[in-house]
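Since the structure comes first, as structure tokens, the remarks are kept for the end.
Throughout, read-outs are computed from the coordinates displayed, never taken from laboratory work. Given the structure is predicted, the values throughout are model-derived calculations rather than measurements. Here Cβ is always computed from backbone atoms with ideal geometry, including for glycine, and neighbour counts include all displayed protein chains.
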Amino acid sequence: MAELSGKYLVGVYDDDDTVLHAVPRLRKAGVKIKEVYSPFPIHGMDEALGHPRTRIGIAAFMFGVTGCCCALTLMIWTMGIDWPMIIGGKDPISIPNYIPITFELTVLFTAFGMATTFFISNGLGPGTHFHPRFDVRSTDNKFVMAIDLGRNSMTEEDITRALRDSGAEEVNVKQF
Amino acid sequence: MHVTSPVREPLIQGGKTYADVTEDICRHVEGAPTKEWKIAFGISLLVLAYGSVCLAWTWWEGLGVWGLNKTVGWAWDITNFVWWVGIGHAGTLISAILLLFRQKWRTSINRAAEAMTIFAVLCAASFILMHMGRPWMAYWALPLPNVFGSLWVNFNSPLVWDVFAISTYFSVSLVFWYIGLIPDLATIRDRATSNISRFMYGTFAMGWDGSAKTWARYEYISLILAGLSTPLVLSVHTIVSMDFATSVIPGWHTTIFPPYFVAGAIFSGFAMVQNLMLITRVVYKLEDYITLEHIETMNKVITLTGSVVGVAYITEFFIAWYGGVEYEYYAFFNRMTGPYWWAYWAMMTCNVISPQLFWSRKLRRSITFTFFISVVVNIGMWFERFVIIVTSLHRDYIPSSWAMFSPTRFDIGDYIFSFGLFFTLFLLFSKYLPVVNMAEVKAVLRSTSAQMPAKIAGVAKVRQRGTAQPAYDKDKE
């Protein structure tokens, strides 16, 4: 998480539907929203904010392919090339017997790779004591919209009014 | 738009708001440990201590302290292993498969069920280490170039598949569980009053801030993890069953094993979830979150999987007769009428008959009865594994090799060890971590709670008025 600086307007909403409908209205009115913080996922919020669709799925697929290849390489090389052995009258390289481990390693690589990608792309990690800096209630029961005044051409009063109109129950100013 | 269906009862009762959910779930994490918790924890530590002494002696002295003999080479060790792994299937089933099926009732129980999964798999793994006899050689099961020769592990062996399956299952379940915990840890961090708890929960919350972007990624990876865990959970018990099914022992060499083991695993896992949740909901006053509806739904799953298991028993028996292999036929006939008849009939009664009682709505909504049947089911599922393992082995091909198995105090002591481990870990979890997934419960609250429709109406009014000054501003100013 990048360090925050500047002056922010913080709109506090008490309902997830209100904030979800407030976002397109404010954007249409010309307000540039930095981010919305909520205690639980609000479906459609990232589209409403105009965030690009997450590409974590592509990463997951790549990790899966890596796991699959690693597993097959390991088994074919050890069982078929490094020390070939005939077990149960089967070929040294007998792919059907390798299916269970190939599957398990594919899942293992995907899960760990994807989780690591998730932590890195969100800037999450141990020691990252990044508390919700706009409003501490955003992990409890409030839905918090942060607006960077430095990046908006509208005046503070106009944005405050727009936030109020969109249903914010409080509008606070936060200076970093 | 969210819609409340009038047909179903709300999942979360008591007209909870988002703040109520936080308050209700965090209460036990933030408060001092209660007297009941301390007593229960003390008892589990004592049990664990006794079990650890037995286990230490088993490893010091060798597997000769168990009741195994040259005919019955697997008995309680593998019975307990399969039993615990089976129990460990419910958590991931609830969190992964029910997520894919969009079953919202899972949100109240998935956290505790996943924790149970992780602890049960640890108990199962402890039996794998125990039955090796020389646990310091456990790394021999890994594909390392063997320093005692150039051999590798045999990748054709289901026992090696099992090493991969169990360790993958354990670690993926742990990742799934931990990622689900992060938002709730952040909630506790932001409410913390003491520096130490703010530091501890803050460290494990990893700086979670709940931004829309993070949530979008969170939802996406939850879905992929669920998609991965669904075949994973089915594969694990399939591979465990292949430890038996790929052998040529009459009674084990059966193609029906994989689905039959998976159904049995879900069956016993749900029974264990019932046992734990029925106690947890009363102790932590979570009756509004884990309602009769949840209990009834889980009982339906128990009846379904119990019926699958029952059909599998009967099919297996039919094929033993119809297949015309006399060794196979003898193995099954001997199970039913031989010296271990009592184990077979205990299994049949507990697993086939008892879950059928849940066809009565009154019984499946009775908490006492549910608790009783859940215990019975777990006893039955232990006997199932005992019957499969010991009764198939104890009659060798040559009658001079026939033997019986009787457990020694170390067989029993090592089993007790796993209970001590399981309950110690579960009690620590239930005190220091939120037992219900707050974020997910909040997310389903609106569509399932009785309190919400008024709110939705309020929002609609604001939208109709367009940009005009909303009414509630007048109250504020």
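Through the Karplus equation 6.51 cos²θ - 1.76 cosθ + 1.60, θ set to phi - 60°, convert the phi angles of the stretch B:29-39 into ³J(HN,Hα) values in whole Hz; use x for Gly and Pro.
6, 8, x, 6, x, 7, 4, 4, 4, 5, 5
Quickly estimate the mean residue ellipticity at 222 nm for chain B, helices only: each DSSP H run with n ≥ 4 gives -39500 (n - 2.57), and the total goes over all residues, rounded to 500.
Computed mean residue ellipticity for chain B: -22000 deg cm²/dmol.
Just tell me how shielded B:171-177 is by partners: mean number of partner chain Cβ atoms within 10 Å of each residue's Cβ, no decimals.
Per residue, the number of nearby Cβ atoms from other chains is 3 on average.
Kirkwood hydrodynamic radius (Cα pairs, Å) of the stretch A:75-124?
Computed over Cα pairs of the stretch A:75-124, the Kirkwood hydrodynamic radius comes out at 13.0 Å.
Cα-Cα over 31 Å: which of A:142/B:104; B:38/B:104; A:34/B:431; B:362/B:431; B:35/B:362?
In this structure, B:38/B:104; A:34/B:431; B:362/B:431; B:35/B:362 exceed 31 Å between Cα atoms.
Please give me the summed charge of the neighbours of residue B:331: other residues whose Cβ is under 14 Å from its Cβ, Lys and Arg +1, Asp and Glu -1.
Charge balance in the 14 Å sphere: -2.
How far apart, in nanometres, would the label points at residue B:61 and residue B:35 be if each is projected 7 angstrom from Cα along the Cα-to-Cβ direction?
In this crude spin-label approximation the distance works out to 4.0 nm.
Which listed residue (B:289, B:175, B:199) has the Cα farthest towards the positive end of the charge dipole for the protein assembly as shown, taking +1 on Lys and Arg C-beta and -1 on Asp and Glu C-beta about the Cα centre?
Looking along the dipole axis, the top candidate is B:289.
Please state the relative contact order of chain B as a whole percent: Cα pairs under 8 Å, 6+ residues apart?
Details: 607 pairs, mean separation 156.4, N = 477.
The value is 33 percent.
Between residue A:83 and residue B:136, what FRET efficiency follows from the Cβ-Cβ distance if R0 is 25 Å, with the result rounded to 0.05?
Once the sixth-power term is evaluated, E becomes 0.50.
Per the helix-only calculation at 222 nm, which mean residue ellipticity applies to chain A, given -39500 (n - 2.57) for every DSSP H run of n ≥ 4 and division by its residues, nearest 500 deg cm²/dmol? It would help to have the intermediate numbers written out before the result.
Numbers: 5 runs with 76 residues, N = 176.
Result for chain A, helices only: -14000 deg cm²/dmol.
Show me, for the stretch B:216-222, the HN-Hα J-couplings you get by feeding each phi into the Karplus relation (A = 6.51, B = -1.76, C = 1.60, θ = phi - 60°), rounded to Hz, glycine and proline as x.
4, 5, 4, 5, 5, 6, 4
Antiparallel as a % of all DSSP beta bridges within the protein assembly as shown, to the nearest 5?
100 percent
If you take the charge dipole of chain B about its Cα centre, with +1 on Lys and Arg Cβ and -1 on Asp and Glu Cβ, which of B:139, B:18, B:63 is farthest toward its positive end?
B:18
Give, as a single signed number, the net charge of other residues whose beta carbon lies under 14 Å from the beta carbon of residue B:256, with Lys and Arg counted +1 and Asp and Glu -1.
Here the count lands on -3.
So if R0 is 35 Å, what FRET efficiency would residue B:356 and residue B:102 give, r being the distance between their Cβ atoms, rounded to the nearest 0.05?
Values: r = 29 Å, r/R0 = 0.82.
That pair, residue B:356 with residue B:102, gives E of 0.75.
Tally Lys and Arg at +1 and Asp and Glu at -1 over the other residues with C-beta under 12 Å from the C-beta of residue B:54: what net charge comes out?
That works out to -2.
Write out the trypsin sites (Lys or Arg not before Pro) in the stretch B:186-288 meeting two conditions: DSSP loop, and at most 13 other Cβ atoms within 10 Å of their Cβ.
Loop-located and lightly packed - B:285.
Bins of 20 Å, beginning at zero and ending with the bin holding the largest distance: percent of Cα pairs per bin for the protein assembly as shown, please.
Values per bin, smallest distances first: 17, 46, 28, 8, 1.
Taking the Cα-to-Cβ direction at residue B:408 and at residue B:203 and moving 7 Å from each Cα, how far apart do the two end points lie in nm?
Distance between label points: 4.3 nm.
Please label the shape of the stretch B:18-453 as rounded, prolate or oblate, based on the square roots a ≥ b ≥ c of the eigenvalues of the alpha-carbon gyration tensor (a/c under 1.5 means rounded; beyond that, a/b larger than b/c means prolate, else oblate).
prolate
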